[in-house]
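The values are calculated or read from the model by the stated rules, or taken from the named source; none is laboratory data. It should be emphasised that the depicted structure is a prediction, and the values quoted were computed from it without experimental measurement. Methodologically, a virtual Cβ is constructed for each residue, glycine included, from the backbone with ideal geometry; neighbour enumeration extends over all protein chains shown. Side chains included, ligands, DNA and RNA excluded: accessible areas come from the protein's heavy atoms. Shrake-Rupley method; radii C 1.70, N 1.55, O 1.52, S 1.80 Å.
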Amino acid sequence: MIKALRGTQDILPPQSAQWQYVEAKIRRICSRYGFAEIRTPMFEQTELFQRGIGETTDVVSKEMYTFTDRGDRSLTLRPENTASAVRAYLEHKIYANQGVERWYYIGSMFRYDRPQAGRYREFHQFGTEILGSASPQADAEIIALALQLFRELGLQELELLINSVGCPQCRPAYRQALVEYFTAQSDELCKDCRSRLDKNPLRLLDCKEEGCRRVAAGAPLLTDYLCEDCRTHFAAVQEYLTAAGIAFTLDPHLVRGLDYYTKTAFEIQYLPLGAQSAVCGGGRYDGLVEEIGGPATPGIGFAVGLERLLLALAMQNLLPETGEKPLAALVTHGEAADRAGFALAQELRAAGLAVDTDLAGRSMRSRFKQLAKAGIKYAIIMGEDELAQSRITLRNLQESTQESIAMEDLVARLQTEE
Ligand code: AMP
């Protein structure tokens with residue numbers, strides 16, 4: 001038996017309707033905020049992620065699905081979508097418009113992670129990117145968008161954490177202070193953190209190991225090292241959020257896993273999810289476009305893990321149980337009626353009505369049983385007698401009433417139901 005790979009999953013009906021429900025909500029909100037969709041390839045040159053995300057990050061050093069194709073190129077299944085978005089921004093010279101781009105995406109990402117509830121190897125993200133704006137209002141706008149989505153889906157108990165991770169001007173001094181602080185206590189750190197100490201000391205701040213957390217609790221804070229520019233930006237982001245009535249918690253240890261972040265970093269947590277409580281993570285990446293070879297262009301974005309979001313919604317019974325049911329189902333009896341019924345179904349569908357037909361060759365009795373179970377409202381019954389008079393019997397299965405209708409009047413009759 002060949003099975004789906006560990007960390008991947010099939011999304012089948014009726015669950016797929018829940019995904020469509022969430023995705024439809026995402027698309028509507030994005031369009032209200034002026035974001036247009038981008039779709040980039042699922043795989044890219046490995047170098048894009050190495051340069052964009054950073055060689056020392058866990059994502060690049062441990063989690064990428066990298067392979068050599070038949071042309072001997074090193075390719076990688078995208079572990080996230082921001083690097084690809086920026087690549088597309090450069091490749092198509094979108095920066096030449098000199099404007100601000102608001103983009104969003106929905107799609108599969110791939111990471112060789114340790115699978116557990118809320119953590120998969122193929123997972124889906126919805127994300128946004130604003131390219132070309134350094135304004136703190138951009139930071140507040142995407143945060144507002146994410147929160148609006150969660151609120152409209154019905155989620156409460158969300159916590160917004162924000163921090164500033166500084167910029168290449170102020171981060172080196174802070175990094176130095178961190179390295180000194182942690183080196184002095186390196187005996188207390190886990191193996192991973194000891195090796196991160198040289199390469200990526202900021203990550204020591206959000207290690208989940210007990211010992212590391214104890215040490216990290218007394219570590220110097222980046223907010224004390226911010227340069228003037230980063231400090232004013234961070235203050236302004238907070239003012240915008242406050243102006244819109246958005247509550248937030250300052251978390252000086254929030255650093256996020258990808259190297260490209262500058263200034264604002266944020267996370268939205270849904271605490272009932274437990275260990276994997278981050279449903280949304282994002283931040284500013286003012287250096288990324290340049291890093292990938294373009295003109296200096298500020299950017300900011302976030303990504304929402306859709307599996308986690310659906311898990312959170314399911315916990316609160318906030319997902320529709322099924323997709324939309326057809327309004328009516330055809331029940332025919334006899335070969336001539338089967339054919340005429342098929343033609344009638346086509347006519348109804350062409351008129352925009354959702355009509356179910358039977359492809360299993362059921363008897364009328366088992367067909368009615370099936371429709372009752374599915375909760376379909378109307379049966380369109382056609383036997384030899386009805387056919388001879390060009391009429392059908394429309395039975396309301398919920399109220400057990402029925403009426404005889406001329407075939408040509410059926411479209412109009414059913415349209416009054418929609
Ligand atoms: P990141 O791209 O690492 O900033 O993650 C953004 C969001 O994607 C997280 O807050 C999670 O909701 C989700 N996410 C990241 N990695 C995984 C994974 N392996 N499985 C499921 N969701 C994930």
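Could you run through region 125-140 and say how many residues are in a strand (DSSP E or B) and open to solvent by less than 10 Å² (accessible area, probe 1.4 Å)? Talk me through it step by step, then tell me what you get.
Here is the first cut: in region 125-140, the ones in a strand (DSSP E or B) are 125-131.
Filter once more, so that each one left must be open to solvent by less than 10 Å² (accessible area, probe 1.4 Å): 126-131.
Selection size over region 125-140: 6.
Looking at region 326-347, which of the residues that are of a type outside the set (A, V, I, L, M, F, W, C) and not in a helix (DSSP H, G or I) is surrounded by the most Cβ atoms within 10 Å (Cβ to Cβ)? My answer is 332. Scanning region 348-365 for residues that are exposed (fewer than 12 other Cβ atoms within 10 Å of the Cβ) and among the hydroxyl-bearing types (Ser, Thr, Tyr) turns up just one, 363. Considering (1) modelled with pLDDT of 95 or more; (2) of a type in the set (Lys, Arg); (3) touching a helix residue (DSSP H, G or I) at 6+ places or on another chain (Cβ under 8 Å), the lone condition that residue 51 does not fulfil carries the number (1).
Within region 1-53, the set of residues being more than 16 Å from the ligand (Cβ to nearest atom), part of a loop (DSSP other than H, G, I, E, B) and over 20 Å from the mean Cα position of the chain (by Cα) comprises 1, 2, 3.
Among the residues of region 371-408, those that are open to solvent by 80 Å² or more (accessible area, probe 1.4 Å), acidic (Asp, Glu) and not in a loop (DSSP other than H, G, I, E, B) comprise 384, 385, 408. Applying the condition of being in contact (Cβ under 8 Å) with a residue 40 or more places away in the chain and in contact with a helix residue (DSSP H, G or I) (Cβ under 7 Å, 6 or more places away or on another chain) to region 213-225 and asking which residue is nearest to residue 266 (Cα to Cα) yields 222. Scanning region 267-311 for residues that are under 13 Å from the mean Cα position of the chain (by Cα) and more than 9 Å from the ligand (Cβ to nearest atom), which turns out surrounded by the most Cβ atoms within 10 Å (Cβ to Cβ)? Taking the candidates together, the pick is 301. Could you count how many residues in region 64-100 are without any contact (Cβ under 8 Å) to a residue 60 or more places away in the chain, of a type in the set (D, E, K, R) and open to solvent by 30 Å² or more (accessible area, probe 1.4 Å)? Residues flagged as without any contact (Cβ under 8 Å) to a residue 60 or more places away in the chain, of a type in the set (D, E, K, R) and open to solvent by 30 Å² or more (accessible area, probe 1.4 Å) within region 64-100 amount to 6.
The residue list 80, 141, 129, 101 contains one member that is under 30 Å from residue 238 (Cα atoms), away from the ligand (no atom under 16 Å from the Cβ), in contact with a strand residue (DSSP E or B) (Cβ under 6 Å, 6 or more places away or on another chain) and of a type outside the set (Lys, Arg), which is 101.
Could you grab me the full set of residues in region 101-118 that are open to solvent by 50 Å² or more (accessible area, probe 1.4 Å), part of a strand (DSSP E or B) and under 16 Å from residue 7 (Cβ atoms)?
Correct list: 116 only.
Residue 95 meets each of the listed conditions (1) aromatic (Phe, Trp, Tyr); (2) part of a helix (DSSP H, G or I); (3) within 11 Å of the ligand (Cβ to nearest atom) apart from (3).
When residue 418 is tested against the conditions (1) open to solvent by 60 Å² or more (accessible area, probe 1.4 Å); (2) part of a helix (DSSP H, G or I); (3) at pLDDT below 95, the lone failure is (2). Here the condition is being outside any loop (DSSP other than H, G, I, E, B) and modelled with pLDDT of 95 or more; of 245, 283, it holds for 283 alone. Within region 287-302, being of a type in the set (Asp, Glu) and at pLDDT 95 or above holds for no residue. Determine which single condition residue 209 fails, assuming it passes every other condition in (1) within 30 Å of residue 313 (Cα to Cα); (2) in contact (Cβ under 8 Å) with a residue 40 or more places away in the chain. Among (1) within 30 Å of residue 313 (Cα to Cα); (2) in contact (Cβ under 8 Å) with a residue 40 or more places away in the chain, residue 209 violates only (2).
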